[in-house]
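Structure record follows, encoded as structure tokens.
The values are calculated or read from the model by the stated rules, or taken from the named source; none is laboratory data. Quantities reported herein were computed from a predicted structural model and do not represent experimental measurements. Cβ sites come from the backbone with ideal geometry, for glycine too, and all protein chains shown count toward neighbours.
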Amino acid sequence: MTVVLKVENLSKHFGGLRAVNGVTFDVARGELKALIGPNGAGKSTCFNMLMGQLKPSAGRVSLNGEDITGKPPRDIWRRGVGRTFQITGTYQSMTVAENVQMALISHHRKIFAIRPFAHKLYRDEALALLEIVGMADQADRACAILAYGDLKRLELAIALANNPTLLLMDEPTAGMAPKERERLMQLTADIVRDRNISVLFTEHDMDVVFAHAHHIMVLNRGELIADGTAAEVRNNAQVQEVYLGGGTLYAKEDAHA
Amino acid sequence: MGLFAAQLITGLANAAALFLVASGLSLIFGVTRIVNFAHGSLYMLGAYFGVTLMQMLPGGFGFWGSVLLSGLIVGLIGVVIEICVLRPVYRAPELFQLVATFGVILVIQDLTLMIWGADDQIGPRAPGLKSVVRILGEPIPQYDLALIAITPFILLALWWLITKTRIGILVRAATQDRTMVGALGVNQSWLFTGVFFLGSALAGLGGAIQLPKGGADLLMDLNIISAVFVVVVIGGMGSIPGAFVASVLISVLNVFGVAYLPQSTLVLMYVVMAVVLLIRPYGLLGREEKGGEHGQVGEPDRPIRPAGLVGRSLVAALMVALALIPVFGSNFTQVLLTDIIIFCLFAASLQFMLSTGGLVSFGHAAYFGGGAYAAALLVTHAGTPMELAFLFAPFAAGLLAIIFGWFCIRLSGVYFAMLTLAFSQLVWSAAFQWYDVTGGDDGLVNIWPSEWLSGTTTYYYFTLIVGVGGIILLRHLTHTPLGYALRAGRDSDRQAEATGINVKLVQWTGFAVAGALAGLAGGLFVFSKGSIFPNELEIAKSFDALIVVFLGGVKTLSGGVVGAAFMDGVRDWLTRLEYWRLILGLLIIAVVIIAPNGIVGSLRKGAERLGFYRGEFSE
């Protein structure tokens, strides 16, 4: 199995708070891997370090053997990492297709081109990507008027624009209806299979996680407490302690979140 | 040594009024996030009310009573402004608020002229503090010492109010998180009004308290506002101790500047500001500001498309009409249209960075005037032929924009705007004070076009071709990947960076393009007038461009051009009226509140509502 993403001893400290503390894991090629944990466990901080939005306090991130620790997001993206955000950040003043075209323009290094019309560039490629996520019929609508679930799917199409080897998805189904969640996760699983890429995602909906993820990692208070298959994680005593023990109701809340 | 001490004391005394006005502005910004450009006008009102009251109330009690009373009256005027003008625009983008307060400046200017007349008012001297004392052999006015004694008490009183009282807690809470304060049951509207009262009263006090030193005149509003902004930005927006430190710094620096570097008095303060912002982007005592609002509050911009067949035909028809003007129109019409086309290009270049790039520049005149001066300097000092000098204008302005842009792009929001303002003031003061090279106030004259372009009609055609060409180029760029990348960075900086776009580099490029095209307009301008003066670099010139972009419609592509044409056309008969500023000010305020979409945006909305026109993206 080829390792795509290798994370070693990754840490982020905010003053005295150890938001992420010595996290080590791998993501293999073609793997759909989930990173779960209670609120405040450090999932988003972890993601932001992987994609370069935050500089790690310590540790090393390498992509296909190359050290990418602390590189700016755009450099990491150029090396073939796509990302979707917990809160979508699409371009409100563009159409759906243009949002994808913009990423394609960047991928083909045409940002500073001043001759062609941008809305005509790579339109077919953009439509093909939108077709994959089922948004082709809305290609020419203004992005500002899309429903939230559609925005999430659009974001996925944008993340595929640079033909990534690794996709990082931060809470891809947050704020969606249960049926929509299932559809989006199925779509993600199909993409992983068809394109043989790797996906690392965080998620609060345990049904989604246990139904689709090949491997699951559990983060608690900044530390990785489990990394294995669904069955292994389910039977891990420490995980049960975190999710069920100590009088907390995380499991219940999360199941309905 | 004695002279040095005397200068220091003068500087400290001058800091008093500056600090009062700056602390008021800072307070208002901290809580309401409004950049109140009319704050200098409140200061001016304080001075005028002070003069009038001091004439009515005699003696020492009358003097100090008048100062306090002026503060109170101006505070109440501030309340009226807040309720009538600003309440409706709190949720609007920064630019709208700025334009609204600019309207207030115009209104107050003309109202003051109406009430007190055009003559300067001499400030009465403070009873009991009329003489001088000798310190180290130098005469020091007693009043200066009184001011130095009073200022720390005002700082202390404000500090006590902010840190020890319930109102202060609310104000500080609102400075950090307005929404939360509202959610906790505090009536935000009245908190804002109260803060506006306090801030305005401080400005009024500042105006009245400086009367024995400076008197009252109609220029003092704009004279102080740029210094106040420098102070607030250096100190950190929203920080009162910062405003104090910066007031002292700038006042003392000014006094020493006059004494030792008389050639650079105007530049000095902006150089200090630029240096401070480069080292501490949020001012000496300021906190990091997420100023990413730009023009993106409220309804998002619509997707754009290059003009279709109908649009192109209309533009072509307009071009034919303009080309036929010399056949039918008078010489005067051609001169007027030349002016309008130049102004349209200037406004279009601002709109390119402002609307497309989300970069609100307060100092775009630097590139217009900079280009004009560059060409004029070549002609004057090197005898360069007109054609070459003309080409040099956009080149030099673009270069200037590349240099200044490198510094400005690192900041965002209000701080970006302030740094662009500082750089434009830098260029202005260089033109104004570097007499040997730029001719200073006398400007550069005899900058005429070559023989083949010298006729009014020929030059009109030249302007038409170059000007319209420039506007079309900008419009084209808006639709290219570069323009889209600018919009992407404006809409979502994070998403753009996460998909490989170097947003700062793109914005820097946009800044340079806008600067170069403004310089092109400047080149056209200087050869059409035959001369150039420092007033083409003034803040007022930058604001002219901002206002027409706004009038035309920020969230449109053609707003700048339409607004500029409208404004230049109207200005000609408007300025013949006695109180044209009042009318223009009220018009601006009305547009901000009633028709924030501007001329083009409102026409589009209206046409859509009536069913004449269905935009591709209107749902």
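Taking the listed residues B:VAL267, B:VAL245, the one that is at pLDDT 85 or above, within 30 Å of B:LEU12 (Cβ to Cβ) and outside the structural domain of B:ILE154 (by TED's automatic domain parsing) is B:VAL245, with no other qualifying.
Mind checking whether some residue in segment A:148-159 is in the same structural domain as A:VAL100 (by TED's automatic domain parsing) and within 24 Å of A:MET1 (Cβ to Cβ)? The answer is yes, given that some residue of segment A:148-159 is in the same structural domain as A:VAL100 (by TED's automatic domain parsing) and within 24 Å of A:MET1 (Cβ to Cβ). From the list B:SER349, B:SER355, B:SER313, which one is in a helix (DSSP H, G or I) and within 14 Å of chain A (Cβ to nearest Cβ)? So the residue among B:SER349, B:SER355, B:SER313 that is in a helix (DSSP H, G or I) and within 14 Å of chain A (Cβ to nearest Cβ) is B:SER355. Among the listed residues B:VAL85, B:VAL99, B:VAL89, B:VAL104, which satisfies the condition of being over 18 Å from B:ARG581 (Cα atoms) and assigned by TED's automatic domain parsing to the domain that holds B:LEU25? Only one candidate qualifies: B:VAL89. With respect to B:THR480, is the statement that it is within 25 Å of the chain's Cα centre (by Cα) and either surrounded by fewer than 24 Cβ atoms within 10 Å (Cβ to Cβ) or among the small types (Gly, Ala, Ser) (or both) true? The answer is no for B:THR480.
For segment A:71-94, the condition holds for no residue, the condition being that it is surrounded by fewer than 16 Cβ atoms within 10 Å (Cβ to Cβ), more than 20 Å from A:ILE158 (Cα to Cα) and in the same structural domain as A:HIS13 (by TED's automatic domain parsing).
If the condition is being in contact (Cβ under 8 Å) with a residue 24 or more places away in the chain and surrounded by fewer than 24 Cβ atoms within 10 Å (Cβ to Cβ), then segment B:179-211 contributes B:SER189, B:LEU191, B:PHE192, B:THR193, B:GLY194, B:PHE197, B:LEU198. For segment B:318-346, the set of residues classified as without any contact (Cβ under 8 Å) to a residue 60 or more places away in the chain and touching a Leu at 6+ places or on another chain (Cβ under 9 Å) consists of B:GLY329 only. Per this entry, B:ALA397 is counted among residues that are crowded, with 24+ Cβ neighbours inside 10 Å, closer than 18 Å to B:ALA375 by Cβ and at pLDDT 95 or above. Those strands (runs of 3 or more DSSP E) of segment A:1-106 in which at least 2 residues are more than 14 Å from chain B (Cβ to nearest Cβ), considering only elements entirely within it, cover A:3-14, A:17-28, A:32-36, A:58-63. Among the residues of segment B:432-440, are any of a type in the set (Asp, Glu), away from every other protein chain (no Cβ under 14 Å) and touching a residue at least 40 places away in the same chain (Cβ under 8 Å)? No, segment B:432-440 contains no residue that is of a type in the set (Asp, Glu), away from every other protein chain (no Cβ under 14 Å) and touching a residue at least 40 places away in the same chain (Cβ under 8 Å).
If you go through segment B:41-59 one residue at a time, do you hit one that is touching a residue at least 24 places away in the same chain (Cβ under 8 Å) and under 25 Å from B:VAL554 (Cβ atoms)? Yes; the residues of segment B:41-59 include at least one that is touching a residue at least 24 places away in the same chain (Cβ under 8 Å) and under 25 Å from B:VAL554 (Cβ atoms). All conditions in (1) out of contact with any helix residue (DSSP H, G or I) (no Cβ under 6 Å at 6 or more places or on another chain); (2) surrounded by fewer than 16 Cβ atoms within 10 Å (Cβ to Cβ); (3) aromatic (Phe, Trp, Tyr); (4) facing chain B (nearest Cβ under 9 Å) hold for A:PHE117, with the sole exception of (1). Look at (1) outside any helix (DSSP H, G or I); (2) in contact with a Lys or Arg (Cβ under 9 Å, 6 or more places away or on another chain) and you find that A:LEU184 fails only one, number (1). Of the residues in segment B:24-39, at least one is among the basic types (Lys, Arg) and assigned to a loop (DSSP other than H, G, I, E, B).
Where helices (runs of 4 or more DSSP H) sit wholly within segment A:195-253, those with at least 3 residues that are surrounded by 18 or more Cβ atoms within 10 Å (Cβ to Cβ), modelled with pLDDT of 85 or more and under 23 Å from the mean Cα position of the chain (by Cα) occupy A:206-212. Scanning segment B:212-233 for residues that are buried (at least 18 other Cβ atoms within 10 Å of the Cβ), touching a Gly at 6+ places or on another chain (Cβ under 7 Å) and more than 23 Å from B:TRP64 (Cα to Cα) yields a count of 3. Do the conditions hold for B:VAL561, that is, is it outside any loop (DSSP other than H, G, I, E, B), within 14 Å of chain A (Cβ to nearest Cβ), surrounded by 24 or more Cβ atoms within 10 Å (Cβ to Cβ) and over 19 Å from the mean Cα position of the chain (by Cα)? Criteria not met by B:VAL561. Restricted to segment A:138-151, and to residues there that are away from chain B (no Cβ under 13 Å) and not small (Gly, Ala, Ser), the residue that is surrounded by the most Cβ atoms within 10 Å (Cβ to Cβ) is A:ASP150.
Yes or no: segment B:605-612 includes at least one residue that is of a type in the set (Phe, Trp, Tyr) and surrounded by fewer than 17 Cβ atoms within 10 Å (Cβ to Cβ).
yes
Being modelled with pLDDT of 95 or more, surrounded by fewer than 24 Cβ atoms within 10 Å (Cβ to Cβ) and closer than 15 Å to B:PHE395 by Cα holds for only one residue in B:ALA518, B:ALA512, and it is B:ALA512.
Each row is one residue, and each column tells you yes or no for (1) modelled with pLDDT under 95; (2) farther than 30 Å from B:SER528 by Cα; (3) surrounded by fewer than 23 Cβ atoms within 10 Å (Cβ to Cβ).
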position	(1), (2), (3)
B:GLY455	yes, no, yes
B:THR458	yes, no, yes
B:THR463	no, no, no
B:VAL466	no, no, yes
B:LEU486	no, yes, no
B:GLY489	yes, yes, no
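Checking B:PRO139, B:PRO127 one by one, the residue that is in a loop (DSSP other than H, G, I, E, B) and modelled with pLDDT under 90 is B:PRO127 and no other. Within segment A:120-137, the set of residues being over 23 Å from the mean Cα position of the chain (by Cα) and surrounded by fewer than 20 Cβ atoms within 10 Å (Cβ to Cβ) comprises A:LYS120, A:ARG123, A:ASP124, A:ASP137.
Every condition in (1) in contact with a Gly (Cβ under 7 Å, 6 or more places away or on another chain); (2) in contact (Cβ under 8 Å) with a residue 12 or more places away in the chain; (3) among the small types (Gly, Ala, Ser) holds for B:SER492 except the one numbered (2).
So is B:GLY413 surrounded by fewer than 21 Cβ atoms within 10 Å (Cβ to Cβ), under 21 Å from the mean Cα position of the chain (by Cα) and closer than 30 Å to B:THR556 by Cβ or not? Yes, satisfied. B:ARG494 falls short of the stated requirement of being modelled with pLDDT under 95, in contact with a Ser or Thr (Cβ under 8 Å, 6 or more places away or on another chain) and either assigned by TED's automatic domain parsing to the domain that holds B:ASP339 or surrounded by 20 or more Cβ atoms within 10 Å (Cβ to Cβ) (or both).
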